[in-house]
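Trainee: Got a structure for you, written out below as structure tokens; questions coming shortly.
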Amino acid sequence: MRGYFEAKPEVADAVRDGEPVVALESTLISHGLPRPDNLALAREVEGIARGEGAAPAAIGMIGGVAKIGLADDEIELLAEEDGIPKLSARDLPMAAARGSHGATTVAATAHLAGMAGIKLFATGGLGGVHREARESWDVSADPGSLARAPVAVVCSGVKSILDVPATLEYLETLGVPVVGFGSRSFAGFYLSDSGHTLDWHVESEEEAADVVRAMGWLGFGGTGLVVSNPIPEGSQLDPRLHDEVLAAGLRDLERLGVGGKDVTPFLLGRFHEGTGGESLAVNKEIIRRNVRLAAGISVALSKGK
Ligand code: PSU
Ligand code: MN
């Protein structure tokens, strides 16, 4: 019988010894960023995590095996091969049984990272409640997965293509704590401020690590945490350009009948085309900053072990 789950030795050792580890998702490599930037960034963030003292654990599925810590050639495969399936958590069993490759979303990555005992995870922006959800019922599996996986996700809020206040309400309903890092405002993905205020904020990596520790002591051993890390205002996407491109993208979505899993990659692609590369630069910077912070929090967490 073959295995369905495999952790890279570097990652398994670090988890066992309570050393810092950061999980990274692969959907943003396969579907969120265009080639060749996707592969370059995936490699760059491995170096960023290492530079901060944390072992990087990119997560994805290769030949039906959930890999906790993709090897470089596996990252390359997920970045460059056409038609890599986008796997949410619920897709994992079927993709595994079929022996498929797959890129894991935040939902699937948080699920697998939780199983592997990894406490920190970095991405760009979470999935959430889509704008037309009242009709389409399109709500990402990301928030629900975080309600069940004990992983702190460092992100720049939720993608600004979504209904942000509805997503915050939904996270509240699910009981997933949200904390701002160095800011009382919920991050706006491409924009530094979503316009929504958070109840809680922390000002240092140590304080964020204290929140993760407190969750363990207070019976939240099966729940995730959202750490909102806004991009500084000086580096954000021009808000006017953002609103224009988003409005056009939403119109095209309807006109072309794009739905389901394709909505998020379609709209992100529209941004990358419609802003002359500006949104791509911002998206990459968000991811770098979130990996750096997640690594820093995991280092702070392991110091107090
Ligand atoms: N963050 C990014 N780019 C992305 C994503 C996140 O900067 O492409 C991906 C994540 O994998 C997230 C997914 O889980 O988009 C959400 O997709 P959906 O809305 O279909 O759940
Ligand atoms: Mn969806």
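The values are calculated or read from the model by the stated rules, or taken from the named source; none is laboratory data. Please read all numbers here as calculations on a predicted model, not as lab measurements. Cβ coordinates were reconstructed from backbone atoms using ideal geometry, including for glycine residues, and neighbour counts include every protein chain displayed. Accessible surface areas use protein heavy atoms only, side chains included; no ligands, DNA or RNA. Shrake-Rupley method; radii C 1.70, N 1.55, O 1.52, S 1.80 Å.
Trainee: Just read off the accessible area of R50 with the full protein assembly in place, 1.4 Å probe, to the nearest 10 Å².
Mentor: 120 Å²
Trainee: Evaluate Rg over Rh across the stretch 1-128, taking Cα atoms for both radii and Kirkwood's formula for Rh.
Mentor: With Rg and the Kirkwood Rh in hand, the quotient comes to 0.93.
Trainee: Restricting the count to DSSP beta bridges whose residues both fall in the stretch 65-210, what percent are antiparallel, rounded to a multiple of 5?
Mentor: Details: 5 of 13 bridges.
Counting only bridges with both partners in the stretch 65-210, antiparallel ones make up about 40 percent.
Trainee: Still on this structure, please answer the following. Only loop residues by DSSP count here, and only those with at most 12 other Cβ atoms within 10 Å; note down the chymotrypsin sites (Phe, Trp or Tyr not before Pro) in the stretch 172-234 that meet that.
Mentor: Counting only loop positions with at most 12 other Cβ atoms within 10 Å, the chymotrypsin sites (Phe, Trp or Tyr not before Pro) in the stretch 172-234 are W200.
Trainee: Further, regarding this structure: Can you give the charge dipole size of the stretch 154-281 about its Cα centre, rounded to the nearest 20 debye, using +1 on the beta carbon of Lys and Arg and -1 on the beta carbon of Asp and Glu?
Mentor: On the way: 8 positive and 19 negative charges, 78 e Å.
The calculated dipole for the stretch 154-281 is roughly 380 debye.
Trainee: Okay, next question. Between W200 and E172, how many nm apart are label points set 7 Å from Cα along the C-beta direction?
Mentor: Inter-label distance under the simple model: 1.5 nm.
Trainee: Further question on the same structure: Percent of alpha carbon pairs in the chain separated by more than 28 Å?
Mentor: On the way: 14520 of 46360 pairs.
Looking at the chain, the distances longer than 28 Å represent 31 percent of pairs.
Trainee: Further question on the same structure: Stretched out fully, how many nm does the piece from D243 to D210 gain, at 0.36 nm a residue minus the Cα gap?
Mentor: So the chain would gain 8.2 nm between D243 and D210.
Trainee: For the stretch 76-153, what is the relative contact order in percent, using Cα pairs closer than 8 Å and at least 6 residues apart in sequence?
Mentor: The value is 30 percent.
Trainee: Okay, moving on. With +1 on the Cβ of every Lys and Arg and -1 on the Cβ of every Asp and Glu, and nothing else charged, how large is the dipole of the stretch 5-303 about its Cα centre, in debye rounded to the nearest 20?
Mentor: Values: 26 positive and 42 negative charges, 95 e Å.
I would put it at about 460 debye.
Trainee: For a label point 7 Å from the Cα of D73 along Cα→C-beta, name the residues of the stretch 21-65 whose backbone N is under 19 Å from it.
Mentor: Within reach of a label on D73, which here means backbone N under 19 Å from a point 7 Å along Cα→Cβ, the stretch 21-65 contributes 39-40, 43, 58-65.
Trainee: With runs of 4+ DSSP H residues as the only contributors, calculate the mean residue ellipticity of the chain at 222 nm using -39,500 (n - 2.57) per run, divided by the residue total and rounded to the nearest 500.
Mentor: That comes out to -14000 deg cm²/dmol.
Trainee: Let me check against my output: what whole-number percent is the relative contact order of the stretch 1-140, with C-alpha pairs under 8 Å and at least 6 apart?
Mentor: Rounded, it is 29 percent for the stretch 1-140.
Trainee: Among S156, S185, S235, which one shows the biggest mean-square fluctuation in a GNM of the chain, springs joining Cα atoms closer than 10 Å?
Mentor: S235
Trainee: Going by a ≥ b ≥ c, the root eigenvalues of the Cα gyration tensor, does the stretch 86-169 fall in the rounded group (a/c under 1.5), the prolate group (a/b larger than b/c) or the oblate group?
Mentor: In terms of gyration-tensor shape, oblate.
Trainee: Now a separate question. For K86, which aspartates and glutamates qualify as cross-link partners when the Cα separation must be under 14 Å and same-chain residues fewer than eight apart are set aside?
Mentor: E25, D142, D262
Trainee: Sticking with this structure for a sec: For the chain, calculate the relative contact order in percent as a whole number, restricting contacts to Cα pairs under 8 Å that are 6 or more residues apart.
Mentor: 20 percent
Trainee: In the chain, what percentage of the DSSP-assigned beta bridges are antiparallel, given to the nearest 5?
Mentor: 30 percent
Trainee: Can you give the FRET efficiency to the nearest 0.05 for E80 and E44, using r as the Cβ-Cβ distance and R₀ = 22 Å? List each step's numbers first, then the result.
Mentor: Details: r = 16 Å, r/R0 = 0.73.
Efficiency, rounded to the nearest 0.05: 0.85.
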